[in-house]
Amino acid sequence: MQRVFFLGLLLLMACSSVLPSSSHYVLVSQAGSSTVAVIDPVQGRTVKRITVGGLPHRMVVGPDRNKVYVVLVGSQAVAEVDARTLEVSRTFLTAPVPERRDDGTPIQAHFDQDAFSRTSCFDCHNPGGAKPFIVGLRPVGIAFSSDFGKLYISHIRQGRLSEIDLASGQVVRAQNLPPSGSANEAADVARVKAKLVVAMRPRQPSTEASAVRWLDEQTWQTLAEAPTGSDPAFVLPLEESALVSNFESNTLSLHAPGANPKSFIVTPGPLGMLAIGNGKILSLNYYSNAVSWLDMDTGQRQDYRLEQGDKRFVNPTHAALSPDGRRAYIVSSGTEGHLVVFDLEHKHVAQAIPIDGLSFDVVVVRRK
Amino acid sequence: MRNKLWMVALMGLFGACNGGDSGGGNVAPSAPNTVAGLVTDIGSGARLSGVTVRVVGSSRTTTTDARGEFELRGLSAGLVKLDFEKAGYAPGHGIAESASSAQTVLVALKKDGTEQSYNPTQARTLFQRTEAGPYAVIFQPNSLDTTDTNLRVVVTPLDPTKEDSALPGDLVAGGASSTPLAPVTFAEFSILDSQNRRINLKPGSSAIVELPIPPELRSQYKIGDKIHCYAYNPQTGRWEDFVEGTVERSSVDGTTPVLRASIRHFSWYGGAPAVQEQECVDIEVRGRDGPLDGAVVTARPGLRAVTNRLGQASITVQKGGPVNFVATKTYTDTFVDSRGNLIPKPGAKVIDIGKVYEDDLIGLDGRNYSRRPGPCPPESSQSVRAAATNPLPIRVAPAPEGLFQALALLQPGGLAFVQLEKGIPNADGDLENAEPASGAQITISDNTGRTATLTELAPGTYIANSFDIVPGRRYTLSIDADGNGSIDGSGSAFAVGNVSWSNLVNGGSYSAASLTATWNDSAATQPGYSALYQVTFQHQGGSGLSDFAFYVGSELSFAPRTQTDPPSPLAPGTYTVTLNAFSGAFGGGNLDITDNITGVGMQGQIFSIQPVNPITITLNP
């Protein structure tokens with residue numbers, strides 16, 4: 001009888017033991033649900049959902065990897081997520097709360113509720129709160145300053161570029177960038193050494209020319225500008241140059257100040273890009289449900305559809321590298337969302353973890 | 001034992017008879033992994049026979065029978081994606097659950113838009129005009145994946161405020177907390193070559209589409225707003241390729257607010273932002289004998305729930321917005337074999353349907369049902385939850401046989417009048433051998449909560465006594481055409497406002513060169529109101545192109561010009577000027593009055609007309 005009890009206890013312990021877990025978490029911005037999902041890739045599930053604000057899109061990880069900054073396209077703000085506690089520690093406005101509407105009439109509710117003291121429009125414009133839900137100048141792009149003490153934010157509306165001091169959380173500089181032809185939306189910003197790279201595009205949909213503009217990081221003086229493909233979506237900073245994905249013209253273009261851009265054709269709908277070492281780039285091709293593996297030195301390219309068995313993973317947007325560099329975590333952002341784990345060695349989908357539909361960006365943080 | 005078997009067999013027989021005659025169905029378990037369905041015309045409500053039904057990803061096909069119904073048995077468990085095809089209709093798609101009991105998919109097909117020829121080597125804008133405005137597709141040269149230069153393009157518009165049941169797939173962003181997508185404007189784009197094969201864009205190529213914002217939604221979506229757009233992928237059964245479109249002025253007419261977006265794959269396409277404010281609605285589905293277990297309740301495409309043993313289900317909907325709820329219950333008849341086993345009888349089924357349009361609830365039973373902050377809890381916890389205290393009742397009954405047709409006139413300042421007929425639909429969905437339909441239960445309600453039941457004045461003729469039609473109010477008709485307790489069709493329209501000339505008076509004199517005629521409509525500022533105005537200037541005694549000017553449109557002004565090329569100011573003289581206002585549904589190049597009373601087995605038109613007394617004016621040089 002005693003042996004039976006012991007065996008039963010062992011079985012019970014085996015069943016209830018703590019599941020193996022990963023050394024890192026994967027964070028995914030889930031634009032449709034105002035959250036960031038915290039995913040344990042070993043358990044293969046979302047272990048936490050952090051409400052951050054309206055339409056969370058791009059994310060960047062701080063240099064010490066303790067902070068993640070999430071651009072809230074719908075709330076005119078950036079959320080700072082503490083990677084240790086997995087909580088929102090602060091939010092910053094990326095542009096001032098307006099006193100008046102476009103037609104000049106005052107927004108009385110902003111005065112009545114002292115909206116000017118808020119640090120995110122999500123405080124009031126949230127599900128069940130003030131309407132409309134999506135407000136502001138649509139911040140989209142994000143980059144750190146050279147000293148990592150500031151964030152540069154590009155906005156779709158007004159082609160605005162803002163600089164946020166991370167110590168104070170205040171916008172310390174802002175400028176509406178002059179358009180380049182009809183390209184008047186600042187679709188993304190990145191930093192290459194002491195230069196900023198801004199992708200300017202016309203209001204979409206459009207097949208008109210877009211441009212990549214180089215600015216001096218300190219003065220924001222224009223240093224150079226070159227045409228790029230239609231609808232530039234993302235700027236990937238490289239050592240001395242920047243790679244731009246041109247969503248509508250199915251190309252990646254390599255830009256360096258003063259040089260003619262070099263173009264690489266990929267499968268339709270390039271959006272996010274991931275540097276995977278040795279001059280290789282993984283291009284996430286939204287419309288073709290595939291990734292392109294591009295060798296920028298040779299120009300050679302291989303394409304891989306995101307499939308596992310008869311399951312297709314559609315609309316890849318962004319990717320992040322696992323700490324060991326062997327896997328890419330790819331956001332499949334259809335109405336049925338998945339975090340696709342792509343084996344970079346064997347070049348196939350190894351795992352797919354359900355996430356919310358309409359998710360967007362992904363970063364990796366250490367598990368504390 | 002023998003007695004027991006006999007009793008079971010008798011019960012099965014009773015069940016089969018009961019199901020066939022009244023739709024009460026039998027109590028035997030439905031066939032597992034069976035999907036049954038009913039395919040109708042979204043415009044007429046007519047049952048559609050001969051529709052090819054394909055199971056996506058397999059070779060299984062079937063065809064709808066003379067009643068527009070089909071049944072697929074022995075399917076794999078899980079979601080089943082179905083394609084529906086019938087000549088003259090835009091492709092339809094449906095999703096059903098293959099589960100332990102038979103389930104129903106209701107599919108409404110929409111008639112194709114007008115076919116237009118296109119040579120793909122050329123840049124071209126093709127459009128289909130409707131009451132909401134022009135639906136357009138803008139092609140770049142050589143962007144289509146074909147060498148055929150004789151293509152046909154069909155743009156089939158769909159206004160989701162009225163026709164969301166024809167939308168394919170689930171308009172939901174899935175995940176741990178599924179987010180409904182609120183349909184704004186949609187269309188289906190079919191491009192066919194000389195061999196009748198579907199053509200699409202070359203990989204990497206795109207086109208621009210423009211889809212009008214429905215008048216009811218224009219107050220929500222302003223010029224410059226961004227709306228997420230999706231293309232339906234029949235292979236995955238999902239809405240994919242979401243990109244931002246922008247609300248802009250139509251490039252076709254320069255005035256209609258349209259959603260303009262880039263498209264990469266021609267299929268069903270449209271705009272549907274994520275619903276931020278959700279509510280949970282408790283539903284109770286009842287048949288003739290009480291609450292029904294296993295009934296499927298659908299709100300919008302993708303918002304679906306199955307009733308529990310209490311006949312109740314909870315369904316997540318958009319907060320604030322009116323929702324059309326549809327409930328179905330499928331019975332597959334059974335017989336008892338020699339061993340006493342209940343065996344499904346192939347091909348035998350009864351589909352009960354009930355609909356509740358939330359707009360119709362004003363003043364009616366169920367108006368006080370509760371909505372809770374949403375989303376609803378997961379289904380796993382719904383099965384054990386307590387009975388809802390105030391659920392929205394949906395009564396289901398067999399869909400009517402044949403086809404009912406209603407013609408409803410709202411006379412501003414007068415009465416509401418409905419003429420109801422019943423007949424057999426022909427191949428075009430029109431009635432043949434129509435006879436007056438007696439015994440219908442028809443209610444009318446307005447947007448202030450007033451309601452009335454119409455009385456039958458003569459066979460098939462119904463009138464609302466003591467219910468004045470107030471100009472500028474929105475009226476909804478709910479029609480139980482066969483009087484069996486379930487609403488078979490409904491529709492709504494605004495009564496035309498008080499319309500009058502603002503700058504023209506009878507006997508007045510005006511400059512032909514500088515005249516712009518303007519008029520007022522007291523309802524013009526009502527959200528969702530979009531009247532059609534017809535204006536004519538006819539030279540008294542004249543009959544030439546220089547003597548006549550006309551306008552048909554939704555603006556409140558018009559500069560009269562001759563019908564010559566180029567147009568010029570009208571010739572001086574005395575003119576009779578007419579002004580008519582129309583409120584209802586219309587479409588096509590000839591602005592035909594189209595159906596806006598819809599349902600299963602039900603079609604019709606509800607509209608309002610106000611003629612303004614003709615005036616005589618003099619135009620001077």
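The numbers here are math on the coordinates, done by the rules we state, and not lab data. Please read these numbers as outputs of a predicted model, since none were measured by experiment. Neighbour counts run over all protein chains shown; Cβ positions are idealised from the backbone, glycine included.
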> When Lys and Arg each count +1 and Asp and Glu each count -1, what net charge do the other residues less than 9 Å away from A:Thr46, Cβ to Cβ, add up to?
Replying inline: +1
>> Contact order normalised by length for segment A:90-217, with contacts defined as Cα pairs under 8 Å and 6 or more residues apart; what percent is it?
In response: 17 percent
>> Over all directions, the average projected area of the alpha-carbon convex hull for segment B:527-568 comes to how many nm²?
In response: 3.4 nm²
>> With N set to the number of residues, divide the alpha-carbon radius of gyration of segment B:70-229 by 2.2 N^0.38 Å and report two decimals.
In response: 1.18
> Of all the C-alpha pairs in segment A:77-157, what % are more than 17 Å from each other?
Replying inline: 55 percent
>> Whole-Hz ³J(HN,Hα) for each residue in segment B:54-68, computed from phi via Karplus 6.51 cos²θ - 1.76 cosθ + 1.60 with θ = phi - 60°, x for glycine and proline: what do you get?
In response: 10, 8, 5, x, 9, 8, 5, 9, 8, 9, 5, 7, 4, 8, x
> If we count other beta carbons within 10 Å of each Cβ, what is the order of A:His155, A:His125, A:His110, fewest first?
Replying inline: A:His110, A:His125, A:His155
> Quick one: which of A:Lys311/B:Lys86; A:Lys195/A:Lys311; A:Lys193/B:Lys226 span more than 32 angstrom between C-alpha atoms?
Replying inline: A:Lys195/A:Lys311; A:Lys193/B:Lys226
> Which value results when the Cα radius of gyration for segment A:133-203 is divided by 2.2 N^0.38 Å?
Replying inline: 1.08
> Can you give the Rg to Rh ratio for chain A, taking only C-alpha atoms and Rh from Kirkwood?
Replying inline: 1.02
>> Name the residue from A:Tyr304, A:Val171, A:Gln221 whose Cα lies farthest towards the positive end of the charge dipole of chain A, charges +1 on Cβ of Lys and Arg and -1 on Cβ of Asp and Glu.
In response: A:Tyr304
> Using a Gaussian network model of chain A with C-alpha springs under 10 Å, which one of A:Thr105, A:Thr222, A:Thr267 is most mobile by mean-square fluctuation?
Replying inline: A:Thr105
> Across segment B:247-259, in residue order, what do the Karplus-derived ³J(HN,Hα) couplings come to in whole Hz, using 6.51 cos²θ - 1.76 cosθ + 1.60 with θ = phi - 60° and x for Gly and Pro?
Replying inline: 7, 9, 6, 4, 7, 8, 10, x, 10, 5, x, 10, 8
>> Students often get this wrong, so check it: of B:Lys110/B:Lys319; B:Lys222/B:Lys422; A:Lys150/B:Lys319, which have C-alpha atoms separated by over 31 Å?
In response: B:Lys222/B:Lys422; A:Lys150/B:Lys319
> Which whole-number value in Å³ per residue fits the convex hull of the alpha carbons of the protein assembly as shown?
Replying inline: 224 Å³
>> What are the ³J(HN,Hα) couplings of segment A:95-104, residue after residue, when phi is run through the Karplus curve with 6.51, -1.76, 1.60 and θ = phi - 60°? Round to Hz, x for glycine and proline.
In response: 7, x, 5, x, 8, 10, 7, 4, 7, x
> Which of the aspartates and glutamates could a cross-linker span from A:Lys67 if the Cα-Cα distance has to be under 13 Å and same-chain partners fewer than 8 positions apart are dropped?
Replying inline: A:Glu80, A:Asp82, A:Glu87
>> Can you tell me, using C-alpha contacts under 8 Å and at least 6 residues apart, the relative contact order of segment B:104-170 as a whole percent?
In response: 40 percent
> Quick one: B:Cys376, B:Cys280, B:Cys229, fewest Cβ neighbours within 10 Å first, how do they rank?
Replying inline: B:Cys280, B:Cys376, B:Cys229
> Among A:Trp293, B:Trp519, B:Trp239, which comes first, second and so on when ranked by fewest other beta-carbon atoms within 10 Å?
Replying inline: A:Trp293, B:Trp519, B:Trp239
> Which residues' amide hydrogens lie under 5 Å from the amide hydrogen of A:Val192, considering only partners 5 or more residues apart or on another chain, with H built in the peptide plane?
Replying inline: A:Val197
>> 5 Å is the cut-off here: which amide hydrogens, built 1.01 Å from N in the peptide plane, fall below it relative to A:Arg90, excluding neighbours closer than 5 in sequence?
In response: A:Glu80
> Cross-link partners among aspartates and glutamates for B:Lys202, C-alpha distance below 15 Å, same-chain residues fewer than 8 apart left out?
Replying inline: A:Glu248, B:Asp145, B:Asp148, B:Asp193
>> Angle check, please: helix A:2-16 long axis (alpha carbons) against the longest principal axis of chain A (alpha carbons), in degrees 0 to 90, nearest 10.
In response: 10 degrees
